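The values are calculated or read from the model by the stated rules, or taken from the named source; none is laboratory data. Keep in mind that this is a model prediction, so the values were computed, not measured. Every residue, glycine as well, gets a Cβ built from its backbone with ideal geometry; the counts of neighbours run over all protein chains shown. All accessible areas refer to the heavy atoms of the entire protein, side chains included, with ligands and DNA or RNA removed. Shrake-Rupley method; radii C 1.70, N 1.55, O 1.52, S 1.80 Å.
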Amino acid sequence: MQYSKPNNDSLHKVIAHYLPAAQAAGCFSALEGLSGGSLHFKIGEREYTARRQLSSPLPGVSLKRHYRALTRLPAGIGPTPVCLADGWLIVEWLAGEVKSEPACARALGSLLYHLHRQHCFGWRICLLPLLEYYWQNASPARRTPYWLRRLKSMKHSGEPKPLRLAPVHMDVHAGNLVYQHNEIKLIDWEYAGDADIALELAATLAANNINGDELLHAYAGFSKIDLKTLQRQVTRWRPWVMMLMASWYECRWRQTQDRTFLTLADEAWSLLRATNQ
């Protein structure tokens, strides 16, 4: 995944057009994250986040979909979008605390249930095209026979049939959770789309050090879904999620040469092998 080099001149033009009452923006600062490409800036007392369009877009990922997802969400789930123009997505900054420790399983289950109750966005998340893309764009030296066998097996079996189709975030982790008083809100909706609720739950469990039984028990209670049925479906999605994570890290390693991604990829491969599926 590659972001084009930030051009503050083009961003200033977008700000001048869509925030005409504002004075010139002050200091821009890069936001941390594995993807990169986001800037934080302040105008008067108001703060914003600006994200630059990908120079090499991934399948199923675009600022247009990111913007559309935010415009379709009710207040209280994510940030308020300002505009999408000239390759920039600007949203209002969500003030609050981003914690390093895992979220409360019940609170996280409530947040995801609230999201999954909304109307679908209108585009499906398909993992196979992403997995193939990551394989093709990973370092040749890192493409192992095991990886290829798993990819071929998944292509043969196909993705699990959805238990319940809903709008999903697909990148729920501590860094994307903003605590405001007694509420939790989600930022960074670039991977959002429509998918099985169990896929979202499997991805959330893989990305967070939380008690899986507690999260699924809480979610099953909110959604009135049989707990064992939900657990079985999450188990079906778990190897897909681990494969997706490992492949994404491999692709990022080739693009950035940041050894952090090698470490994360190796950890994901170990977890995937441990599934024995």
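Details
- Residue among K185, K13, K64 with the largest mean-square fluctuation in a Gaussian network model of the chain, springs linking Cα atoms under 10 Å: K13
- Centre separation in Å (Cα based) which lies between the stretch 178-194 and the stretch 234-262: 22
- Filter on K185/K228; K13/K185; K64/K224; K99/K185; K161/K224 - keep pairs with C-alpha separation over 22 Å: K185/K228; K13/K185; K64/K224
- Point-to-point label distance, S153-A95, nm (Cα→Cβ direction, 7 Å offset): 5.1
- Shape category assigned to the chain from the gyration tensor of Cα positions, a/c cut at 1.5: oblate
- Counted charge near A220, where neighbours are those whose Cβ lies closer than 10 Å (Asp, Glu -1; Lys, Arg +1): +1
- Summing Lys and Arg as +1 and Asp and Glu as -1 over all other residues whose Cβ lies under 11 Å from the Cβ of F121 gives a net charge of +3.
- The Cα center of the stretch 131-149 and the Cα center of the stretch 74-100 differ in position by 34 Å.
- Carbon/sulfur fraction of accessible area - the stretch 102-198, other protein chains in place, 1.4 Å, %: 51
- Calculated accessible area for the chain comes out at 50 Å² per residue, all protein chains present (probe 1.4 Å; ligands, DNA, RNA ignored).
- Given +1 at the Cβ of Lys and Arg, -1 at the Cβ of Asp and Glu and no other charges, the dipole of the stretch 83-176 around its Cα centre is 720 debye to the nearest 20.
- The chain: relative contact order in percent, alpha carbon pairs under 8 Å with at least 6 residues between: 18
- Other residues within the sphere of radius under 15 Å centred on the Cβ of L58, judged by their own Cβ, net out at +1 (K and R +1, D and E -1).
- 37 °C / 0.692 mPa s Stokes-Einstein diffusion coefficient of the stretch 126-223, Kirkwood radius on C-alpha pairs, µm²/s: 209
- If the segment from E132 to C120 were pulled out straight at 0.36 nm per residue, it would be longer than the present Cα-Cα gap by 1.8 nm.
- GNM result for the chain, Cα springs below 10 Å: residue of L177, L264, L186 fluctuating most strongly: L264
- Percentage relative contact order, the stretch 88-223, counting C-alpha pairs under 8 Å, at least six apart: 41
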